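Each reported figure results from applying straightforward, stated rules to the coordinates on display, with no laboratory input. Not measured: the values here are computed from a predicted model. A quick note on method: Cβ atoms are made from the backbone with ideal geometry, for glycine too, and the neighbour counts reach across all protein chains shown.
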Amino acid sequence: MASGSAPVDTADTRSSAVRLGDLWRRRALIANLVRRELRARYKGSVVGFAWSLLNPAMYLAVFSVVFTELLRVQVPLFGVFLLCGLLVWNFFSSSVTAAGASLLDNASLVQKVWFPREALPVASVGAGLVNLCLQALVLLFGMVLFRNWPDPKALPLLIPAMLALVLITTGMSLLISALTVRFRDVKHLMEVALTGWFWMSAVVYPYAAVADRLGRWEWLAMLNPIIPIVLTFQRVLYNPPAVTDDGIVVLPDLDPMWFLSRLGSSLAFGVVLCVVGFRVFARREADFGDQL
């Protein structure tokens, strides 16, 4: 047996905890992979990282004019409202999409050099975090422009919200990247699934409209683990004056326990998804060399 293949064949015997420890010890490698992915993404581009700012800036400008001035949507400062949810969704969807292709795009590296293969999808999540920070600058600009300030009492809620978001994104990235190597249709399936998931995540419409329609069945909407995270970002960062439309409150009153209880479900889902993602990745890893 070739010396380069032995670690791959035995990698599935490592527990999730050991794998997590390997990733932590090789965090410098992950940082280099993040820089490599970001450079590759904007290679040959004149404005480089500015493209990460232009997309949300266009959303802010266009949706503020179209939905507020032309369509007269009864959501004040709709551009800011939309960006709060898009920060969450863009990070999740772009990271999962990039992670799904990470092993395929680095096939030669996976086949020739041994390293924790999980580092590739995790690096996609890291690159997504960098873009999230850049896009947050556009949201900050919009908040200053429209004099719409976050609720300081609610700011601590962003900590569990971000933790849940990173866990869900990492778990999904590990799962999709491992399955895509064997089943290439997973990539196309995820594109369709993410489109549907987006429209079910209360990014472009007030969640209150959904809650009012579902009534006592509102808990069904909360089965979507992204919704509590989106709602938290909107409540903390959007934070407009209380507005009602046909008796529907656009955003819920600040009740920390209401948010924490729902974020707790998202956190639990994220932990389970990470465990499943690590296990599926471990089970599939021995076949990567032959299937890539």
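I'd like the Karplus ³J(HN,Hα) series for region 143-148: coefficients 6.51, -1.76, 1.60, θ = phi - 60°, whole numbers in Hz, and an x wherever there's a Gly or Pro.
Using θ = phi - 60°, the values come out as 5, 5, 4, 9, 6, 10 Hz.
Report the net charge of residues surrounding A28, where surrounding means a beta-carbon distance below 14 angstrom and charges are Lys +1, Arg +1, Asp -1, Glu -1.
Computed value for this residue: +4.
Give me L104, L223 ranked fewest to most by other Cβ atoms within 10 Å of their Cβ, as a rough exposure proxy.
The fewest-first ordering by Cβ neighbours comes to L223, L104.
Applying the Karplus parametrisation 6.51 cos²θ - 1.76 cosθ + 1.60 with θ = phi - 60° to the phi angles of region 254-264, what ³J(HN,Hα) value in whole Hz is obtained for each residue in order, glycine and proline being reported as x?
With the stated coefficients, region 254-264 comes to 6, 10, x, 5, 4, 6, 5, 5, 6, 5, x Hz.
Going by average Cβ neighbours within 10 Å, how do the peptides 158-166, 263-271, 85-93, 26-34 rank, with the highest at the top?
Highest to lowest by the protection proxy: 85-93, 158-166, 263-271, 26-34.
Which of the trypsin sites (Lys or Arg not before Pro) found in region 84-193 are in a DSSP loop and have at most 14 neighbouring Cβ atoms, other than their own, within 10 Å?
Loop-located and lightly packed - R147, R184.
For region 150-198, what is Rg from Cα atoms divided by 2.2 N^0.38 Å, rounded to two decimals?
Ratio of Rg to 2.2 N^0.38 Å for region 150-198: 1.59.
Can you work out ³J(HN,Hα) from phi for every residue in region 274-287, in order, using Karplus 6.51 cos²θ - 1.76 cosθ + 1.60 and θ = phi - 60°, giving whole Hz and x for Gly and Pro?
For region 274-287, the Karplus-derived couplings read 5, 4, 4, x, 5, 5, 5, 4, 5, 5, 8, 4, 4, 9 Hz, x marking Gly and Pro.
Can you tell me the Rg and the Dmax, both Å, for the Cα atoms in region 6-291?
Computed over the Cα atoms of region 6-291, radius of gyration and Dmax are 20.1, 65 Å.
Mind giving me the nanometre distance, one decimal, between the label points for V113 and V272, set 7 Å out from Cα along Cα→Cβ?
About 3.8 nm separates the two model spin labels.
When the label point is put 7 Å from the Cα of M58 along its Cα-to-beta-carbon vector, which residues of region 99-136 have a backbone N closer than 16 Å?
135
For K112, give me every one of the lysines with a C-alpha distance below 25 angstrom, ignoring sequence neighbours fewer than eight places off in its own chain.
K43, K187
Would you please classify the overall shape of region 32-180 from the alpha carbon gyration tensor, given that a ≥ b ≥ c denote the square roots of the eigenvalues, rounded means a/c under 1.5, and beyond that prolate means a/b larger than b/c while oblate covers the rest?
Prolate shape, in that a/c is at least 1.5 and a/b is the bigger ratio.
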